[in-house]
Structures are given as C-alpha cells and as structure tokens.
Amino acid sequence: TSPCWIGGNTEPLTGFTWRGGCERETTGIQIWSEVFVIDKPNGTKVAVLLMDTQGAFDSQSTIKDCATVFALSTMTSSVQVYNLSQNIQEDDLQHLQLFTEYGRLAMEEIYQKPFQTLMFLIRDWSYPYEHAYGLEGGKKFLEKRLQVKQNQHEELQNVRKHIHSCFSNLGCFLLPHPGLKVATNPNFDGRLNDIDEEFKNELRNLVPLLLAPENLVEKEISGSKVTCRDLVEYFKAYIKIYQGEELPHPKSMLQATAEANNLAAVAGAKDLYSKGMEQVCGGDKPYIAPSDLERKHQDFRETAIRQFRSVKKMGGEEFCRRYQEQLEVEIDEIYANFVKHNDGKNIFYAARTPATLFAVMFAMYIISGLTGFLGMNSIATLCNLVLGMALISFCTWAYVKYSGEFREVGTAIDQIAEAIWEQVLKPMSDNLMEDHMRQSVKNSIKAGLTEQVAHHARLKTD
C-alpha cells in the first residue's frame, strides 16, 4: 500500500458520505463504485470491494432491518468489521449471535465455518492501562471477553461457542478517541490537523492490517473462491428472500446460498464455453464448415460441463443436477446463435433468399410461357401472379437489407424463401445430383468394363 493513503494534513475526508452528530448518515448497504484490483505478493490479482453499512439498532431501524443488513454484509464479505463504541457488551455478542444464525445451518451442510474474518473494532477505547491500543491489546481483550468458563450461565456459553463456530478468524483492534475537536466541532470535515496524533498512529496500523496486499483475504463460500460475477449472483439470491415482511428462516438462507453457488458455477461454465466458441467462430473469424463447428461445440460443451462438475457446490447431487441440465440447455441455445452467426458469414447462405426468389421467378416465367402457348390461360395467369409476388418480395427484401427498416418483413421473406429452399429446391437439386452421380458411376463402370474387354481382346490377338 502507498504510504500516502492517509492524505495530507489539511485535506478534508472524502469517499463514503459521512457527518458528525447523533443521527445516522448511512442507510442500508453502500458499495464504493470503483473495484480496486490489487497484485498480491504471490502474483495473483484480487478485486477489492469496499462496503459501508448503517449502524445497528438506531431509532429508525427495526430488528429485521438490522438483521438483514448485517446478514447480507457478513455473507458477502471476506472481512467484516464490527464497529463498537468503547467496549464489547454482552448485548453486542447476543446481537452478533442473532445476525449470524443464518450461517449455522449452512455450517452443518458443508461441515466448515460459514464466515471468514470478523474484526471487532472498538473505537474510543478508554482503558489502555488494562489493554494497550492496537491489535495485540485487542487480541488479549477479545480472548478474555469470548472465553467460555465453567461457572458461566449456559446462555452466555452458547453465545460464545456460536461466535467461535461461525467465523474462521476472529480479531479485535482497540482504537483511541480521535479528540475533542472531532467530537464537538460541528464543522469538522475530517482534516488530519484536527485529529489527535495517537489516533492517527493507530489508524496507520489498522488500515494495512485489513488492506495491505499481503493481508487481503479472498472471499470464499463453501470452500470456493468467489469472483465479482459470482458475488452478483449471491446478492440477487439473498435480496430475493429478504423482500418479505418477516425475517427468512435459516433454511431459506441455505437454499439461497446453494442456488447462488450453483448459478455462479453455471455462469462460469457458460463463459468458458462462449470464450472457446468465440475463438472458433467469433465476429472476426471466417466461415467454418458446419461439421467442424458441431465437433468444436461438442468439445467445448464437454469441457464446460466438466468445469461445472469440478466446482465445489452446495445442495447435494440431485439439487446440482438441475443446474447442470439448465447449463446444458443454455449452452445449446448459445450454440444455436453461433450457428446462425456462422451461417451469416457463408456467402451462399446470405444469397439464398435472392437466389430462391430468382429461381421461383425464372420457373414461373418458363411455365407461364409454356402454358400460355398451350392455351392453359388460367395456369399461365396464376404463374404470372406468383412471378409478380416473387418480384415484389425480391425488391422489398433488397430495400430492407439496404435501409435496415421493416426488419420484420425482411425476416418473414427470409423464412418463406428458406421454406421454399428446404421443401422444394433442395430436394430437387439433391435428386438431380444423385441422378447425375448415379449416371456418372454407371458410365465409369461401363467404361472400365469396355476397357477390360478391349484389353483381353488385344491379349488374345497377340
């Protein structure tokens, strides 16, 4: 991290909106609009998202509001900072147990702790003579607060056991008071000049603990690392079940997590398939034979399904099989679009509609002339009518392709031409080709036999 991240002494504090006072400023959950891509010491890149949430149990929030905000932020964060004032009280731990109850059932399903890092941040710490400011003092204080004792009431023991069982890593940081200017000046705008030196020193220790590249914790759910695209799926699933009036049951949270987990795996596998197919027949690639495209499709399809199966997922085999079937259907739909895109690059396919219409006009012209010559005027009139309609269709199709207007009409003409080609012209051309090939084979065999007879005759003469 850059040493100048804290800013200059006279710079006001910007970023998430904030203000002093006894009323809340932040409502709900806010996520900073910029994704920070960080290079870790091991060479991997990590995307860092910063999230700010409203405080718990203010005068405007219900229990449901607080539980929703805390549960959503905890389930989607790798590091949750639990910001408390002056001390850790017993009701703070009980609230934490309420908010993290949704992870308990998930833990039973996947046999591991559902959440990653919880950092207790105790601001305005007033007892540095008992526990020093910073991480070490906070660690000793937290151990003391979360210690399970035999003489404790069972309820107090359960709260502490629950917190330990829900988080893989627990930490605590003790932060001094920032000073009277910060607390009492209504015009305070975050300038470092107005903040006590002791607070600034501890802040310089706290932020790198959370955000230095070597300390970054990557978000995991069910043992699998979560990408930004996956995170969107999780948020969608969680928000959907929190839209009701009542708090969702923990089991529905587990269901939502399993759904989002599988949807993220589907999205990853689809992305792998699409990228592979783009390399074969993307926008700048030339036309490829349909048989080769089909073969590539099957290869990439199997690869995508293999990746989906290899991703660690929740919900059990039957549950995951539904999402694999969904993946297969969606891949086939993507393939159908690639086939259309590839066909559009084939100059003969692109010319099929005008060629078909021209063939119809030519055929109608010949038949009309013959039937008129033979006195079949009604048939000749009908042929002339079809010829006129084909000519109008051809002109309309050309205008649509040139102008880009009336695309629905152009699509309808393409479909009619496609039907005429598939039902009439293609079978006729196939039959002609088959007859031609059959005749060619017969002629070849006949020529071969004639040559052999002539050769034997020459041998006898000799």
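The values are calculated or read from the model by the stated rules, or taken from the named source; none is laboratory data. For clarity, every value in this text was computed on a predicted model and none was experimentally measured. Positions of Cβ are backbone-derived with ideal geometry, glycine not excepted, and every protein chain shown enters the neighbour counts.
Numbers for the structure displayed
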quantity: In segment 302-339, the residues that are over 28 Å from Glu220 (Cβ atoms) and either crowded, with 19+ Cβ neighbours inside 10 Å or not β-branched (Val, Ile, Thr) (or both); calculated: Asp332, Glu333, Tyr335, Ala336, Asn337, Phe338
quantity: Residue in segment 44-54 that is modelled with pLDDT of 80 or more, among the charged types (D, E, K, R) and more than 28 Å from Thr227 (Cβ to Cβ) present; calculated: no
quantity: Number of positions in segment 130-171 that are surrounded by 16 or more Cβ atoms within 10 Å (Cβ to Cβ), in contact (Cβ under 8 Å) with a residue 60 or more places away in the chain and under 22 Å from Gln86 (Cα atoms); calculated: 6
quantity: Residues satisfying the stated conditions in segment 269-309, i.e. under 15 Å from Glu330 (Cα atoms) and of a type in the set (Phe, Trp, Tyr); calculated: Tyr273, Phe300, Phe308
quantity: Scan of segment 407-435 for residues that are within 37 Å of the chain's Cα centre (by Cα), exposed (fewer than 13 other Cβ atoms within 10 Å of the Cβ) and at pLDDT 75 or above, ordered by number; calculated: Glu408, Thr411, Gln415
quantity: Verdict on Phe36 being of a type in the set (Phe, Trp, Tyr), in the same structural domain as Pro213 (by TED's automatic domain parsing) and at pLDDT 75 or above; calculated: yes
quantity: Residues within segment 169-187 that are modelled with pLDDT under 80 and over 22 Å from Ser126 (Cα atoms), tallied; calculated: 2
quantity: Options Gln157, Gln112, Gln152: the member that is at pLDDT below 80, in the same structural domain as Ala47 (by TED's automatic domain parsing) and in a helix (DSSP H, G or I); calculated: Gln157
quantity: Positions within segment 390-411 being touching a helix residue (DSSP H, G or I) at 6+ places or on another chain (Cβ under 9 Å), of a type in the set (A, V, I, L, M, F, W, C) and in a helix (DSSP H, G or I), in sequence order; calculated: Ala390, Leu391, Phe394, Trp397, Ala398, Val400, Val409
quantity: Check on Gly344, small (Gly, Ala, Ser), closer than 18 Å to Ile413 by Cβ and either touching a helix residue (DSSP H, G or I) at 6+ places or on another chain (Cβ under 9 Å) or buried (at least 18 other Cβ atoms within 10 Å of the Cβ) (or both); calculated: yes
quantity: Residue identified as touching a Phe, Trp or Tyr at 6+ places or on another chain (Cβ under 8 Å) and charged (D, E, K, R) among Arg301, Arg295, Arg322, Arg306; calculated: Arg301
